[in-house]
Amino acid sequence: MAPAQATPTTFRIPADHPSLPGHFPGQPIVPGVVLLDHALAHLTRQQPGLRTTRLSQVKFLHPVTPGRLLTLRLRTGARGDLILTLLDEETAVLEASLPAPEAG
């Protein structure tokens, strides 16, 4: 397993994403599951051997409006777990922990 990424990745959830109609009319916010799905998809593209089928913990910290530039950061925690943080500017909007990779 490669070490956690050193360079953050950025992406946006577009205003025309199919999850947004009705969530919430007049003031759309991106559903947390969409944020998590996009973050994990970007992460597995960067680290193809990484298994993301189990999360130890997920926290949705702040709502995100469509079109915002989000930054994905990954670091290794004290117990070897991987800590994924999604930021909107400098505000953490999502944190998730993936169990430590198994030694191969």
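The values are calculated or read from the model by the stated rules, or taken from the named source; none is laboratory data. Everything numeric here is computed off the predicted structure, so don't read it as measured data. Backbone-built Cβ (ideal geometry, glycine too); neighbour counts: all protein chains shown. Note: areas computed on protein heavy atoms with side chains; ligands, DNA, RNA excluded. Shrake-Rupley method; radii C 1.70, N 1.55, O 1.52, S 1.80 Å.
From the phi angles alone, apply the Karplus equation (6.51, -1.76, 1.60; θ = phi - 60°) to segment 49-63 and give each ³J(HN,Hα) in whole Hz, x where the residue is Gly or Pro.
Each residue of segment 49-63 in turn: x, 6, 8, 10, 7, 9, 10, 6, 7, 9, 10, 9, 9, 8, x Hz.
Quick one: order Arg68, Arg54 from most to least accessible surface, probe 1.4 Å. Write out the running numbers ahead of the final one.
Values: Arg68 85, Arg54 155 Å².
Descending accessible area places them as Arg54, Arg68.
Accessible area per residue of segment 27-104 at 1.4 Å probe, in Å²?
Solvent-accessible surface per residue comes out at 58 Å².
Tell me which GluC sites (Glu not before Pro) from segment 9-104 have a DSSP coil assignment and no more than 11 other beta carbons within 10 Å of their own. Write down the numbers at each step before the final one.
On the way: sites: Glu89, Glu90, Glu95, Glu102; in loops: Glu89, Glu90, Glu102.
For GluC sites (Glu not before Pro) across segment 9-104 that sit outside H, G, I, E and B with at most 11 neighbouring Cβ atoms in 10 Å, the list reads Glu89, Glu90, Glu102.
Got a sec to turn the phi values of segment 29-38 into Karplus ³J(HN,Hα) couplings, 6.51 cos²θ - 1.76 cosθ + 1.60 with θ = phi - 60°, whole Hz, x for Gly and Pro?
After applying 6.51 cos²θ - 1.76 cosθ + 1.60, I find 10, 6, x, x, 5, 5, 4, 4, 4, 5 Hz.
For the chain, with all protein chains present and a 1.4 Å probe, just round the carbon and sulfur fraction of the accessible area to a whole percent.
53 percent
How many percent of Cα pairs in the chain exceed 24 Å?
On the way: 1254 of 5356 pairs.
The share of Cα pairs beyond 24 Å in the chain comes to 23 percent.
If I stretch the segment between Val33 and Phe60 completely, what's the gain in nm (0.36 nm per residue apart, minus their alpha carbon distance), one decimal?
That pair, Val33 and Phe60, stretches by 8.8 nm at full extension.
What would the Debye formula give as log10 I(q)/I(0) at q = 0.14 Å⁻¹ for the alpha-carbon point model of segment 57-99, no solvent?
Scattering profile of segment 57-99, log10 relative to I(0): -0.32.
Going toward the positive end of the dipole of the chain, with +1 on Lys and Arg Cβ and -1 on Asp and Glu Cβ, which of Gly77, Thr65, Leu36 do you reach last?
Value: Gly77.
Starting from the Cα-Cα distance between Thr52 and Leu69, subtract it from 0.36 nm times their residue separation and give me the gain in nm to one decimal.
Gain in length upon complete extension: 3.8 nm.
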